[in-house]
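First the structure, in the form of structure tokens, and then the observations on it.
Values quoted throughout were computed directly from the atomic coordinates according to the rules given, and no laboratory measurement underlies them. Model, not experiment: these values are computed from the prediction. As a convention, Cβ positions derive from the backbone with ideal geometry for all residues, glycine included, and neighbour counts pool all protein chains shown.
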Amino acid sequence: MTVGPRLYRAGTEARYPAITQRGTLKPTHLVQLLDEVSAGWWQEMAGLDRWSYFERHQVRAVVRYVQAYTPPVRVLPGTPLDAELAVTLGTDRRGWYGGHDELTLRAVDGTVVAVWTSRWTWLDTGVGARPTPRTEPPPGFGGEPPLLPELPRRPRSGGTETAGFTFSDRETDLNDHVFFACYLERGENALADAGVPPGRTDTSRCWYLRPARAGQSIIPAVTETDHGHVVELRFGAGGFPAAVCEYTIEP
């Protein structure tokens with residue numbers, strides 16, 4: 001397998017649980033479509049499903065950043081969607097090896113319904129070893145790795161702290177910490193707790209800084225910006241954030 005941009009296309013459809021009251025796709029459900037479409041990519045590129053590859057080579061992929069673009073395009077349950085997944089494998093500016101995914105969903109007339117972008121890092125997870133970022137391609141991924149694109153700058157915010165919460169086991173994954181999509185959901189909940197009225201959000205972003213686990217208490221802090229809101233999910237009052245989420249409306 002070689003590195004660099006690779007495309008995979010598949011057909012899917014909008015499902016009832018994935019659609020908001022406005023008829024747009026929920027950002028947190030886009031990751032489920034990514035998982036569905038990327039299963040075909042893994043079989044085509046590696047000859048294995050993702051988890052079989054991870055177990056065989058003792059590696060994992062940890063997400064560092066996600067972005068969901070959901071323009072005000074109304075869809076209904078059962079609407080056919082064309083999915084195009086572009087995967088670029090390479091290194092970031094720290095020399096860590098990983099990938100940059102971009103899943104684009106289009107209606108049959110070509111209208112873009114949603115775009116999900118994620119950046120992840122390969123980790124070595126040998127038996128008894130503490131997971132560490134890889135600085136070279138894992139087995140089967142050859143070639144000279146390109147430099148992955150820079151991520152958007154993480155917003156800085158002071159923020160007004162709102163009601164705290166505790167992560168549950170339901171929100172975790174096999175990496176022994178909170179699943180990345182749950183941070184976006186918790187950020188949306190914090191906006192509601194802060195009195196922000198529900199409405200349109202075109203782009204949701206999340207930067208992951210430190211892993212949170214089931215049973216850990218989090219205090220959200222909400223800041224209003226020119227085009228939306230920023231939510232820090234902090235380890236306790238005034239603490240360091242596990243993640244920073246941003247919700248904006250495109251100008």
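With 10 angstrom as the radius, rank Leu76, Leu85 by how many other C-beta atoms surround their C-beta, starting from the fewest.
Details: Leu76 10, Leu85 21.
In increasing order of surrounding Cβ atoms, one gets Leu76, Leu85.
According to the Cα-based calculation, Rg over Rh for region 110-201 is 1.04, with Rh computed by the Kirkwood formula.
Counted residue by residue at 0.36 nm each, then reduced by the alpha carbon distance between them, the extension gain from Asp169 to Glu55 reaches 38.8 nm. What number comes out for the charge environment of Ala114, summing +1 per Lys or Arg and -1 per Asp or Glu over other residues with Cβ under 10 Å away? Result for the neighbourhood of Ala114: +2.
Backbone phi angles across region 88-103, fed through the Karplus curve with coefficients 6.51, -1.76 and 1.60 (θ = phi - 60°), yield HN-Hα couplings of 10, 9, x, 10, 8, 5, 8, x, 7, 8, x, x, 10, 9, 9, 9 Hz in residue order; Gly and Pro are listed as x. Summed over qualifying helices (DSSP H, 4 residues or more, each -39500 (n - 2.57)) and divided by its residue number, the chain shows a 222 nm mean residue ellipticity of -5500 deg cm²/dmol. Sequentially through region 62-79, phi angles give Karplus couplings (6.51, -1.76, 1.60; θ = phi - 60°) of 10, 6, 10, 7, 9, 9, 10, 9, 10, x, x, 10, 7, 10, 10, x, x, 4 Hz, Gly and Pro residues having no value and appearing as x.
Quick check: residue separation of Arg22 and Thr225 times 0.36 nm, minus the Cα distance between them. What number comes out in nm? Could the numbers behind the result be given before it?
On the way: separation 203, 0.36 × 203 = 73.08 nm, distance 2.31 nm.
The Arg22-Thr225 span can extend by a further 70.8 nm.
Once you put a point 7 Å from the Cα of Arg153 and another 7 Å from the Cα of Asn189, both along the Cβ direction, what distance in nm separates them? Those two pseudo-labels are separated by 3.2 nm. Determine Rg/Rh for region 1-142; Rg is computed over alpha-carbon atoms and Rh is the Kirkwood hydrodynamic estimate from the same atoms. Using only Cα positions, Rg/Rh for region 1-142 is 1.01. Taking amide H as placed 1.01 Å from N in the peptide plane, Thr135 has its amide H under 5 Å from the amide H of Tyr97, each at least 5 places away in sequence or on another chain. For Rg/Rh (Cα atoms, Kirkwood Rh), the value calculated from this model appears in (1) 0.96; (2) 0.99; (3) 1.31 under label (1). Stretched out straight at 0.36 nm per residue, the stretch from Arg93 to Leu76 would grow longer than its current Cα-Cα span by 2.0 nm.
Here the 3J(HN,Hα) profile of region 153-169, calculated from phi with Karplus coefficients 6.51, -1.76 and 1.60 at θ = phi - 60°, is 5, 5, x, 9, 7, x, x, 9, 6, 10, 4, x, 8, 10, 5, 9, 4 Hz, Gly and Pro shown as x.
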